[in-house]
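Scroll down for the structure; my scribbles are underneath it.
The values are calculated or read from the model by the stated rules, or taken from the named source; none is laboratory data. This is a predicted model, so every value here is computed, not measured. Don't worry about glycine lacking a Cβ; one is built from the backbone with ideal geometry, like all the others, and counts go over all protein chains shown.
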Amino acid sequence: MDFPIAAKLGSLLAKDYAADIFELLVNYRAISASEVATRLNLHIQTAQDFLEGLAELGILSKEEISEKKRPYFRYLLQQKRIIIDIDLDQVKRLPTAANLALRIRERQNAGARFSVARSDDYITSIAIWTGEGRERQERKIKLTTPQGRFLFHLPFPGAAALTIEEIMRKAGVEADLSPEILDLVQLLDKYEVIEKL
Amino acid sequence: MSQNRKLRPDRSINGIIPFLSILFLFGLGTLIFGVPIGLKILAGGFWIFAAYSLYIFFRTGNIGHMLVGAYDVFVGAMMYVAAGYVPGRWPPSREWALAWIAGIVFFGAFLIYLAATKKIKWRGREIFELAGEAVSETGNGYTPRPRPVGKIGFNKPEILSFARFCSRHLVAVAYASPRQVSLVPVKMGDEYTFMFRGIASNPEVTWISFDFDGEVVVHISHKDYLDYAEPLAFDKLCESLGLLFIEFAELHQRGEGVRVIDRLDSLKMSYFS
């Protein structure tokens, strides 16, 4: 299950009438939105949106009924258990030979402000200017110690660019910390603090 | 040694502003309150300089500044005594005149010696000039980030000894912390405001840091970078400055600290720059 689906399911389950509707769905073979709405004293649109949301997620199926002048849907429960299962490895930034071999250096006139630790061997935070004109704002990003050591060894503007792997080696950052390093590189690239060569 | 300087010519008058200020206050005091008060103001000014010079002596261990302090105390005392002679008893007694001449000759000889041998000269400009000498590429690339330069195989006592050497010879002011020593080159004229700053590692100051694991890091301030006549390749400049201090540390460690002074003197910079 990915984050958007989990978020949608979570938002449906968080409704204060969710438990009541599920109770009806479990005990009724099939139920319509108007039956749910009148049973629970809800607005019909509220019930309709909730049931349609569950149907999109595959928790309910719907069958079209053409009894009266206007056809309508009846909803049937398809799953007796609802499990939210998110594999966080999906969003893990896996280092590949290609992205570790990317050559980078600080961009000239990047305008970023670096705060150095008292020990003068790593950067504790970086302040970046975002937006333009009146909407210009300073955004301060606190770094982890490995990120700070990595940034400390980032080549200067105009200096020979180094690969991410080389900078990590110079900074003494272990290879298994590369996901957070790659995350930092992506952020710095987004705000044009670094340039890729 | 080539006279093609990398730094812009030194046109700063910061160094003489304190003296001109005292002179101005002397003139103003004399005009408003009379000569005796003017002379006492002058005496007070010299005593303030004496306090400053003695502070430098205690802060750096530079003996020359102790002599300058003693000279300032002497002149201040003589001015104070002279103030007593002005209303009606001028010229001063023969004893005052002899003391004045003897003192001026005594201190004058030492001060001329100290100035000629640059023993009381702040060496900041020489440091930056030597660092710039090794850099031929231009291209700017300024960044406020510090730059790691490399590692030296010195232990803590050796690094502290080098720091004391730099301090004593006014090569750089040393700021020690539990993990490292930061050396800050000070240019002539900047010493009056500079010496009262507490912390070296701030972005407006150029510093060279030696941590006690031997890691050397350099930071050049934007103001000092702009003092170069051309936009030198910043990465190379930082590296050059760091390597310069590493070289100085190695010379000192071998007992050849005098070669560091020779290197600075070889630039033949004016005492006032």
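So here's what we get for this one:
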quantity	calculated
Matching entry among B:A83, B:A99, B:A50, B:A70 (being hydrophobic (A, V, I, L, M, F, W, C) and touching a Leu at 6+ places or on another chain (Cβ under 6 Å))	B:A83
Verdict on B:F194 being closer than 21 Å to B:L170 by Cβ and not assigned by TED's automatic domain parsing to the domain that holds B:K151	no
Region A:170-191: number of residues that are outside any helix (DSSP H, G or I), crowded, with 16+ Cβ neighbours inside 10 Å and within 14 Å of another protein chain (Cβ to nearest Cβ)	1
Test: residue in region A:45-65 that is in a loop (DSSP other than H, G, I, E, B), over 30 Å from A:W129 (Cβ atoms) and over 26 Å from the mean Cα position of the chain (by Cα)	no
Members of region B:166-179 that are surrounded by fewer than 24 Cβ atoms within 10 Å (Cβ to Cβ) and either within 14 Å of another protein chain (Cβ to nearest Cβ) or touching a strand residue (DSSP E or B) at 6+ places or on another chain (Cβ under 9 Å) (or both)	B:S167, B:A174, B:Y175, B:A176, B:S177, B:P178, B:R179
Answer from B:K268, B:K223 - the residue that is exposed (fewer than 14 other Cβ atoms within 10 Å of the Cβ), part of a helix (DSSP H, G or I) and at pLDDT below 95	B:K223
Search result, residues across region A:111-144 that are within 10 Å of another protein chain (Cβ to nearest Cβ) and in a strand (DSSP E or B)	A:R113, A:F114, A:S115, A:V116, A:I123, A:I126
Selection count, region B:136-165, where residues are within 14 Å of another protein chain (Cβ to nearest Cβ), over 21 Å from A:D120 (Cα atoms) and under 25 Å from the mean Cα position of the chain (by Cα)	0
For B:R263: the one exception among (1) in contact with a strand residue (DSSP E or B) (Cβ under 7 Å, 6 or more places away or on another chain); (2) within 22 Å of B:D10 (Cα to Cα); (3) more than 14 Å from chain A (Cβ to nearest Cβ)	(1)
Residues being part of a helix (DSSP H, G or I) and buried (at least 19 other Cβ atoms within 10 Å of the Cβ) - total across region B:53-67	6
Identity of the residue in region A:1-36, more than 19 Å from the chain's Cα centre (by Cα) and among the acidic types (D, E), that ends up surrounded by the fewest Cβ atoms within 10 Å (Cβ to Cβ)	A:D16
Unique residue being closer than 26 Å to B:E191 by Cα, part of a helix (DSSP H, G or I) and at pLDDT below 90 when the list is B:P18, B:P36, B:P87	B:P18
Condition check for A:L25: part of a loop (DSSP other than H, G, I, E, B) and either among the small types (G, A, S) or free of Cβ contacts under 8 Å to residues at least 60 places away in the same chain (or both)	no
Search result, residues across region B:7-35 that are surrounded by 13 or more Cβ atoms within 10 Å (Cβ to Cβ) and among the charged types (D, E, K, R)	B:D10
Any hit, region B:122-134, residues being out of contact with any helix residue (DSSP H, G or I) (no Cβ under 9 Å at 6 or more places or on another chain), not in a helix (DSSP H, G or I) and not assigned by TED's automatic domain parsing to the domain that holds B:Y55	no
Count of region A:66-106 residues which are modelled with pLDDT of 90 or more, in contact with a strand residue (DSSP E or B) (Cβ under 8 Å, 6 or more places away or on another chain) and either surrounded by fewer than 11 Cβ atoms within 10 Å (Cβ to Cβ) or not in a loop (DSSP other than H, G, I, E, B) (or both)	9
Contacts under 7 angstrom Cβ, first residue in region A:177-193 being among the polar types (S, T, N, Q), partner in a helix (DSSP H, G or I) and buried (at least 16 other Cβ atoms within 10 Å of the Cβ), 6 or more apart	A:S178/A:L100; A:S178/A:M168
Flag for A:G158 being within 13 Å of chain B (Cβ to nearest Cβ), buried (at least 18 other Cβ atoms within 10 Å of the Cβ) and assigned to a helix (DSSP H, G or I)	no
Residue list for region B:180-194, restricted to those being within 14 Å of chain A (Cβ to nearest Cβ) and touching a Lys or Arg at 6+ places or on another chain (Cβ under 8 Å)	none
